[in-house]
Amino acid sequence: MIENRSVPTDTVLPHVTYQDIDEAIAWLGKTFGFSEHYRYGDPTSGAQVHLGNAWIMLKRAREGSASPGKLGYGTQSLTVFVDDLEAHFRRAKGAGANLLEDLHETVYGELQYAAEDLDGHHWLFSKHARDLSPDEWGAKVSDVTSRVALLSRPRWCYLEIPAVDVRQSVAFYETVFGWNIRQRDTARPSFDDATGNVSGAWVTDRGASRDLGLLPYIWVDSIGGTLSQATAHGGAVVEAVHPDSPGSACKIATFRDPAGNLIGLYQEGPR
């Protein structure tokens with residue numbers, strides 16, 4: 001898989017239009033804590049900013065276009081997940097942001113607040129408060145979604161991954177698997193995977209998974225691509241991609257991460 005430092009997310013990269021990009025960069029930094037990655041054009045016609053792992057493209061409004069603030073209404077909303085939501089709320093409030101919803105816990109288990117930016121765009125900042133299934137608060141879960149989730153992904157699995165250099169391990173797993181990193185700058189960072197069903201943390205006080213007796217398997221969509229990413233960033237193949245059993249369409253492989261942990265990869269075959 002090719003990486004591109006100009007586009008650091010492979011999931012969703014929102015583009016938000018502002019009348020004045022330079023003013024927007026300064027406002028988003030002061031009020032919401034976004035950091036600038038780059039800007040381009042003279043005068044500035046675009047920029048990229050981020051808050052943790054949330055990356056946003058800013059682009060200058062074309063002639064004749066209007067922002068939600070000028071139109072008097074909006075059609076879209078952005079949600080950004082923040083570890084220290086309470087501190088983020090105090091920052092936005094102290095900076096004078098137009099708060100549309102006070103900090104509160106929703107029926108679906110999120111602690112969040114809503115605010116409007118300088119051009120009238122609607123933002124939600126959120127943190128998981130409770131683990132709730134959608135049907136617990138009244139939503140109807142698709143039968144197909146439920147069946148696929150049950151069959152194709154582990155549910156509520158927690159992993160502890162031994163690390164020699166915590167920062168190195170965090171960077172490796174974030175790059176190879178795209179995990180969402182929490183408490184990045186602490187002695188014990190933790191993570192959530194893309195499915196929302198696997199979480200864990202790095203530990204430095206034991207080396208359990210370096211022993212062949214404990215082999216965690218990580219489910220992936222592209223086992224070949226993931227293995228290539230792992231080896232490109234310091235991992236070493238132990239067992240190449242092969243069927244998990246004779247005649248099976250499911251594939252497995254194993255590799256060692258830079259800390260020496262033996263990790264398994266599993267890709268489900270077509271149904």
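The values are calculated or read from the model by the stated rules, or taken from the named source; none is laboratory data. Since the model is a prediction, treat every value here as computed from it, not as a measurement. Here Cβ is always computed from backbone atoms with ideal geometry, including for glycine, and neighbour counts include all displayed protein chains. To get the accessible areas, we keep the full protein, side chains included, count just its heavy atoms, and leave off ligands, DNA and RNA. Shrake-Rupley method; radii C 1.70, N 1.55, O 1.52, S 1.80 Å.
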Worksheet item: How much of the accessible area of the stretch 44-105, probe 1.4 Å, is carbon plus sulfur, in whole percent?
Response: 47 percent
Item to complete: Have a look at the DSSP beta bridges in the chain and tell me what percent are antiparallel, nearest 5.
Response: 70 percent
Worksheet item: Once every DSSP H run of n ≥ 4 in the chain is given -39500 (n - 2.57) and the sum is divided by its residues, what mean residue ellipticity at 222 nm do you get, rounded to the nearest 500 deg cm²/dmol?
Response: -6000 deg cm²/dmol
Worksheet entry | Rough spin-label spacing in nm, given labels placed 7 Å along Cα→Cβ, for His15 and Arg184 | 2.5 nm
Response to the item:
Distance in nm between His50 and Val241 label points, each 7 Å along Cα→Cβ, equals 2.7 nm
Practice prompt. Sort largest first and round to whole Å: the equivalent ellipsoid semi-axes of the stretch 83-144, each the square root of five times a Cα gyration tensor eigenvalue.
Written response: 27, 13, 8
Worksheet item: log10 I(q)/I(0), Debye, Cα-only the chain, no solvent, q = 0.14, 0.16, 0.17 Å⁻¹?
Response: -1.13, -1.30, -1.36
Item to complete: Show which aspartates and glutamates lie in cross-link reach of Lys251 when reach means a straight Cα distance below 18 angstrom and same-chain residues fewer than eight apart are skipped.
Response: Asp221, Glu239, Glu268
Item to complete: Calculate, for the chain, the solvent-accessible area per residue in square angstrom, rolling a 1.4 angstrom probe over the heavy atoms of the protein chains.
Response: 56 Å²
Worksheet, complete the sentence: Straight-line reach check, Lys93, cutoff 14 Å on alpha carbons, 8 or more apart in-chain or any other chain, hits among aspartates and glutamates -> Glu101, Asp102, Glu116, Asp117
